[in-house]
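Take this structure, written in structure tokens, and hold onto it; I'll ask about it next.
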Amino acid sequence: MMNVENKKQLTFKNIHYPLVFLCYALLALLITYPLVLDSKNCIYGFFYTTDLRGSAWNWWWTKFSFAHHLNFNDCSFIGAPDGVNLGGQIYFWISSSFSNLLAITIGFPAGFNLLVLLGFALSGLFVYLLSYELFKNRLAAYFAGFIYTFSPYHLNKIMEFGFAFHGCWIAFYIFRLIKLFKERSLKNICLAGFALALVIDFNIYYGFFSILTTIGLMLFCIFYRWRDKLCLIKDKIGLQEIKRRVTEAMTFVGNLLAVGFTTLLICFPFVITLIKSILTPKGVSAQAAISEYVRSLDYLFAQSARPLSYLLPASTHPIFGGFTKKMFGSIFYGRGSIEQTLYLGWVPLILAYFAFRQWRHKRSHPGQYPDYQANRENFYIGFFIFSAIFAFFCSLPPYVDLGLFKIYLPSYFFYKVLPMFRAYARFGILVSLSVSVLAGFGLRNILERIKNKKRQGFFTGAVCLVILFEFMNVPPFRVTDISGVPGVYQWLKEQKGDIIVAEYPMSMVSSGEAWENYDYLYNQTFHQKRLVNGAIAGSKAFEIKKRILKINEPETINILKKLGVKYVILHNDLFKKGDYKDAVDVVGEVPKLDNIAGWNLIKTFDTVSVYDIGGEPQKEKSDAS
């Protein structure tokens with residue numbers, strides 16, 4: 001019969017993980033405050049200068065097409081009148097299923113905010129599980145999850161890109177990888193494969209990094225305790241031990257291949273669309289579409305990390321952020337805040353160093369610690385030190401130019417094989433995870449010297465408060481109210497009928513890259529009129545867009561009329577900024593339309609002009625090309 005003590009332990013185990021999840025969720029509500037007060041009209045982040053506007057459009061189109069029984073992939077609301085085919089995009093079925101369900105049932109931004117908050121809580125929980133698996137100390141494990149979840153990297157990425165950049169699934173995968181390393185079983189293989197599939201599906205960058213980390217783990221296993229392996233060669237017994245270890249290593253490699261196969265099965269829809277895109281005939285349109293994913297080497301320099309990216313507080317820090325902003329553009333920090341916000345925190349770094357020192361001490365004193373060399377902790381700390389160093393160098397620019405010669409770094413070689421990946425500063429997620437785990441080890445070593453449980457809790461809480469100060473990004477609150485709508489779009493919404501609109505300036509960059517397209521697409525979620533804008537590279541609409549790029553060309557208005565465009569919205573302030581050099585004759589000047597027949601000015605809203613050019617949508621597809 002189960003005794004009382006065992007019953008208590010079982011009850012605690014059953015409720016402990018939900019409590020940990022709840023604690024991180026409550027902290028997420030605190031960190032993102034006042035989002036919880038109005039999640040239907042607000043969003044966490046800067047929104048109007050970020051990729052979140054593109055996410056808002058995707059959620060709107062999902063709900064709109066579902067409600068009106070339209071084919072999601074055959075979208076006639078952008079690149080009008082011909083529309084664009086969204087089915088050519090790589091299909092991530094797991095993340096799409098989650099977001100589509102929430103888009104249809106709850107809508108944007110409430111459903112989007114829910115995923116953001118869940119991502120924070122899951123990130124903390126998975127790092128807690130990983131850390132507790134490694135060093136069996138709950139306070140230190142919770143501490144490691146706290147560092148990782150609310151790091152400046154995480155907060156900044158969520159504000160810029162949303163829930164897809166949560167690091168919860170990559171932490172879950174590393175946790176399952178460690179479980180597989182400890183216990184080779186079919187269950188752990190399947191769970192590790194499922195975890196890797198989640199990483200790839202939610203964020204292809206993190207999937208790429210996870211695969212590289214897996215390869216790194218294999219290499220680390222080969223070279224781990226290499227001096228001992230060399231010594232074993234000297235005698236027959238040693239050779240037998242080497243044979244045993246090689247057999248064990250090959251079994252683990254086989255398990256990892258099984259993990260990869262499991263991942264492929266789960267990601268089958270993604271694999272199919274990827275193969276189709278590769279096998280597509282390489283015509284002009286196909287090449288244009290592919291070029292959207294391939295970047296020049298200059299992107300790698302702009303979106304890579306520098307040493308100070310990890311050492312200086314985020315630019316959003318209310319006290320020290322001003323100093324960091326002064327370093328923007330320097331060779332020691334990088335271009336700015338979007339990719340270079342990678343601050344690890346000095347307290348976590350000190351604790352990680354403390355763990356490193358203890359590790360080195362035990363390894364260098366085998367007489368005092370005779371069993372430590374074969375101890376799993378020796379392997380774990382060594383691996384996360386290796387992982388942090390590996391990820392750090394991968395996050396740096398492709399090469400360092402010393403004048404007489406160049407020192408090439410890992411991102412250069414990755415780029416040569418996979419040129420679609422450009423933002424290697426995002427490797428900072430693995431640096432952050434490794435430092436968080438090592439800091440957990442360091443805290444555990446300190447807590448072991450504090451015998452009183454209450455004092456342990458007090459000390460951990462105090463350290464968390466110091467780190468919270470290091471990572472803080474308020475005031476001001478980082479929540480944006482998106483309920484306001486510019487007057488021109490309120491007016492446009494009131495116009496009756498099937499209307500096609502063109503907004504200027506236009507950019508030759510495809511949807512998802514240009515600020516002008518993001519703004520136009522987001523405002524379409526309110527006025528719900530068809531747009532010429534938003535054409536995807538490789539489509540017929542994109543080829544037409546090239547011919548109407550300059551609004552004051554004589555043929556532009558004729559082509560727009562053939563497309564069925566009724567209203568043209570001219571954003572004078574955007575022209576004056578001078579960002580659209582390909583769309584104007586004189587940079588910084590608003591194109592003059594007064595001397596061109598057919599341009600009928602009917603409305604002005606602050607810096608916005610509305611022209612009625614009288615086009616009517618055609619029943620048949622456009623022949624403007």
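The values are calculated or read from the model by the stated rules, or taken from the named source; none is laboratory data. The structure displayed is predicted, hence computed values, not measured ones. When we count neighbours, we look across all protein chains shown, and the Cβ atoms used for this are built from the backbone with ideal geometry, even at glycine. Each accessible area value is taken on the protein alone, full model and side chains, heavy atoms only, with ligands, DNA and RNA left out. Shrake-Rupley method; radii C 1.70, N 1.55, O 1.52, S 1.80 Å.
Take R227 and decide whether it is at pLDDT below 95, closer than 14 Å to F252 by Cα and either touching a Gly at 6+ places or on another chain (Cβ under 9 Å) or not hydroxyl-bearing (S, T, Y) (or both).
Values: at pLDDT below 95: yes; closer than 14 Å to F252 by Cα: no; either touching a Gly at 6+ places or on another chain (Cβ under 9 Å) or not hydroxyl-bearing (S, T, Y) (or both): yes.
Against the criterion (at pLDDT below 95, closer than 14 Å to F252 by Cα and either touching a Gly at 6+ places or on another chain (Cβ under 9 Å) or not hydroxyl-bearing (S, T, Y) (or both)), R227 does not qualify.
Restricting the search to the range 98-115, which residues are open to solvent by less than 60 Å² (accessible area, probe 1.4 Å) and part of a helix (DSSP H, G or I)?
Keep residues of the range 98-115 that are open to solvent by less than 60 Å² (accessible area, probe 1.4 Å), which gives 99-100, 102-104, 107-113, 115.
Selection gives S99, N100, L102, A103, I104, A110, G111, F112, N113, L115.
Please enumerate the residues belonging to the range 380-414 that are without any contact (Cβ under 8 Å) to a residue 12 or more places away in the chain and aliphatic (A, V, I, L, M).
Initially, the range 380-414 is screened for residues without any contact (Cβ under 8 Å) to a residue 12 or more places away in the chain, giving 389, 400-408, 413.
Those that are without any contact (Cβ under 8 Å) to a residue 12 or more places away in the chain and aliphatic (A, V, I, L, M): I389, V400, L402, L404, I407.
Among the residues that make up the range 511-518, is at least one of them at pLDDT 95 or above and under 26 Å from G588 (Cβ atoms)? If you could, list the steps in order and put the result at the bottom.
Going residue by residue through the range 511-518, those that are at pLDDT 95 or above are none.
No, because not a single residue in the range 511-518 is at pLDDT 95 or above and under 26 Å from G588 (Cβ atoms).
Taking the condition of being farther than 18 Å from A541 by Cβ and in contact with a helix residue (DSSP H, G or I) (Cβ under 6 Å, 6 or more places away or on another chain), how many residues in the range 60-84 meet it?
Result for the range 60-84: 4.
Same structure again: Return the residues of the range 25-41 that are open to solvent by 80 Å² or more (accessible area, probe 1.4 Å) and in contact (Cβ under 8 Å) with a residue 24 or more places away in the chain; say none if nothing qualifies.
Y33, K40
Continuing with this model, one more query. So which residues in the range 333-383 are farther than 17 Å from L311 by Cα, among the polar types (S, T, N, Q), outside any loop (DSSP other than H, G, I, E, B) and open to solvent by 30 Å² or more (accessible area, probe 1.4 Å)? Write out each step before concluding.
First, pick out the residues of the range 333-383 that are farther than 17 Å from L311 by Cα: 354-383.
The next check asks that each one be among the polar types (S, T, N, Q); those that pass are 358, 364, 368, 373, 375, 378.
After this cut, where a residue has to be outside any loop (DSSP other than H, G, I, E, B) as well, the list is 358, 364, 378.
Listed by number, the residues that qualify are Q358, S364.
Please go through the range 442-459 and give me each residue that is under 29 Å from G321 (Cα atoms) and buried (at least 20 other Cβ atoms within 10 Å of the Cβ), ordered by number.
G442, L443
Restricting the search to the range 62-82, which residues are touching a residue at least 24 places away in the same chain (Cβ under 8 Å) and either among the polar types (S, T, N, Q) or open to solvent by less than 10 Å² (accessible area, probe 1.4 Å) (or both)?
Those that are touching a residue at least 24 places away in the same chain (Cβ under 8 Å) and either among the polar types (S, T, N, Q) or open to solvent by less than 10 Å² (accessible area, probe 1.4 Å) (or both): T62, S76, I78, G79, A80.
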